[in-house]
């Protein structure tokens, strides 16, 4: 690569970084709007990337370049817990029909396809409590143990030993369809209506 070729490549990189920053800001604002529309509170987030304990792997990982991309895949967990006494933590007060929303930003749904054929999506899974007795925390008691159900279907998670049982329903939304507040409200209205029927409770 010549000096000029490298300089042009670095120019493209700077443009890409600024484009990514704008994209991520828009996604964050979208997520905050959706969270408020669902009347939910932030609980946890997980990003599929290196942390301080694993960053040394970049030197041998053939997918390091991909994994270092910002907001490539990110999970957010939001909860909607109806009755939380003052000064107490929500996980100690989960009751039947309380909800957790698992929101996954999938920036490139299938990287084996061309960019034109792939999609940027928002996956939303709704966990409806049947019963919950806290052991460690909600994330470890349930989320880490549960495989996502097929979209538009209800799946049951149960751990009889821990006294935990949930029903779960999920859908995937195309990020391109969530272009303004009105479109988001309309799509969320349809999602909540379908989820309410599937889970037999008002979402």
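Within segment 15-29, is even one residue at pLDDT below 95, surrounded by 11 or more Cβ atoms within 10 Å (Cβ to Cβ), touching a helix residue (DSSP H, G or I) at 6+ places or on another chain (Cβ under 8 Å) and closer than 30 Å to residue 185 by Cβ?
So far as segment 15-29 goes, yes, one or more of its residues are at pLDDT below 95, surrounded by 11 or more Cβ atoms within 10 Å (Cβ to Cβ), touching a helix residue (DSSP H, G or I) at 6+ places or on another chain (Cβ under 8 Å) and closer than 30 Å to residue 185 by Cβ.
What strands (runs of 3 or more DSSP E), lying completely within segment 92-203, carry at least 1 residues that are within 24 Å of residue 30 (Cα to Cα)?
Result: 99-106, 121-131, 164-174.
Do you know which of the residues in segment 88-111 that are out of contact with any strand residue (DSSP E or B) (no Cβ under 6 Å at 6 or more places or on another chain) and modelled with pLDDT under 90 is surrounded by the most Cβ atoms within 10 Å (Cβ to Cβ)?
Taking the candidates together, the pick is 107.
Condition (residue is modelled with pLDDT of 90 or more, surrounded by 14 or more Cβ atoms within 10 Å (Cβ to Cβ), within 23 Å of residue 188 (Cα to Cα) and in contact with a helix residue (DSSP H, G or I) (Cβ under 9 Å, 6 or more places away or on another chain)) applied to segment 112-119: is it met by at least one residue?
Yes: segment 112-119 contains one or more residues that are modelled with pLDDT of 90 or more, surrounded by 14 or more Cβ atoms within 10 Å (Cβ to Cβ), within 23 Å of residue 188 (Cα to Cα) and in contact with a helix residue (DSSP H, G or I) (Cβ under 9 Å, 6 or more places away or on another chain).
The values are calculated or read from the model by the stated rules, or taken from the named source; none is laboratory data. As the structure is a prediction and not an experimental result, all values here were calculated from the model. Cβ coordinates were reconstructed from backbone atoms using ideal geometry, including for glycine residues, and neighbour counts include every protein chain displayed.
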